[in-house]
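Worksheet for the structure shown next.
The values are calculated or read from the model by the stated rules, or taken from the named source; none is laboratory data. Every value quoted in this text rests on a predicted model; they were computed, and no experiment measured them. Cβ placement follows ideal geometry from the backbone for every residue including glycine, while neighbour counts extend to all protein chains displayed. Areas reflect the complete protein model, heavy atoms only, side chains present, ligands, DNA and RNA absent. Shrake-Rupley method; radii C 1.70, N 1.55, O 1.52, S 1.80 Å.
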Amino acid sequence: LITTVICVVAALKRSAHFSAEKMRQIIRSMCIILWLLEFCKIVFKFTVDKTGSQPGTWVPLYYCSIALFALILSGYAKGYARHIGDVFLATGSIVGGLCFLLYPSSSLLLYPWQHFMCIHSFFYHGCMVYIGAMMNRLHVIDLSYNDFAVYALYVGFFCILALLVNIHTGSNLMFISKPFTGTFLEIFYHVLYRAYTPVLILAQMSLPFIAILFLLKHFPQL
């Protein structure tokens, strides 16, 4: 965790004077690297873990995972499609990455810290924070209240898709069917019970965007 934070801070400092186009090039490069690592993770799940029959262990349909699709849109699409990717990377990417770094439970509950899966998780979420922060700092995108609908529809689409897969396979993609064992989500599940799924979907569709836009409007120096 300390190494990841140091690397993110160093990368942010080194990139402080990059142009928006330079950041776009970095996004394209990170898109390729992170998708290759995702492919390695999927291969690991099928060949070593032998959990390929469980979609929840390898399908990239978790909140942080959908940054992978946003990278494709932001790096290689044009027009409105690119804008969709930019909006998520500038908001959800930061929140998702920070939540993992503040509470890095998902991988560490399953593997030892030096395992490929743990190292991959820290690298991936560190990249999420870096990319999102730089997009705002370099004004690759200037977020506005109008972008809320863009963000909500993007996240909502993947939530519905994940819910359909969960219903048909018994998985727990996006953690919207039940909480991940050993995490703080268990508290919300016991309190909300049947309302857990809709509340969590709505929370993911709104709170990260609201939090980042609030910080940008009230603390622009960040």
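Some notes on this structure:
- Degrees between helix 20-47 axis and first principal axis of the chain (Cα, 0 to 90, nearest 10): 20
- Of the accessible area of region 77-222, computed with a 1.4 Å probe over protein heavy atoms only, carbon and sulfur atoms account for 73 percent.
- Averaged per residue, the chain has 53 square angstrom of accessible surface, using a 1.4 angstrom probe with ligands and nucleic acids left out.
- Taking each residue as 0.36 nm, the span from ASP49 to PHE180 lengthens on full extension beyond its C-alpha to C-alpha distance by 45.3 nm.
- Under 23 Å from the Cα of LYS217 - lysines, other chains or at least 8 residues apart: LYS13
- Charge tally in the Cβ shell below 12 Å around ILE84, where Lys, Arg are +1 and Asp, Glu are -1, ILE84 excluded: 0
- Helix 147-169 and the long axis of the chain differ in direction by around 20°, with both axes built from C-alpha atoms.
- The chain: calculated mean residue ellipticity at 222 nm from DSSP helix runs of at least 4, using -39500 (n - 2.57): -22500 deg cm²/dmol
- Those aspartates and glutamates that a straight Cα-Cα span of less than 16 Å connects to LYS22, excepting residues fewer than 8 apart in one chain: ASP86
- Taking chymotrypsin sites (Phe, Trp or Tyr not before Pro) across region 88-158, the ones in a DSSP loop with at most 11 further Cβ atoms lying within 10 angstrom of their Cβ are TRP113, TYR145.
- Computed over the chain: relative contact order in percent, which uses C-alpha pairs under 8 Å that are six or more apart: 23
- Under the combined filter of DSSP loop state and at most 11 neighbouring Cβ atoms within 10 Å, region 16-75 retains these trypsin sites (Lys or Arg not before Pro): LYS50.
- The protection proxy used here, the mean number of other Cβ atoms lying within 10 Å of each residue, ranks peptides 65-74, 184-193 as follows, highest first: 65-74, 184-193.
- What separates the Cα centres of region 115-175 and region 1-77 is a distance of 10 Å.
- Among (i) 43, 26, 20; (ii) 27, 21, 17; (iii) 34, 20, 12, the entry that matches semi-axes √(5λ) of the Cα gyration tensor in Å as calculated here: (ii)
- Rounded accessible area of LEU98 (nearest 10 Å², 1.4 Å probe): 80
- Under 15 Å from a label point set 7 Å out along the Cα-to-Cβ vector of GLU21, the amide N atoms of region 123-150 belong to 140.
- Computed lengthening from ILE42 to ILE167, 0.36 nm per intervening residue step minus Cα-Cα distance: 42.8 nm
- Simple spin-label estimate for PHE214 and TYR103 gives 1.6 nm between the two label positions (7 Å along the Cα-to-Cβ direction from each Cα).
- Cα long-axis angle, helix 116-137 against the chain (0 to 90 degrees, to the nearest 10): 30
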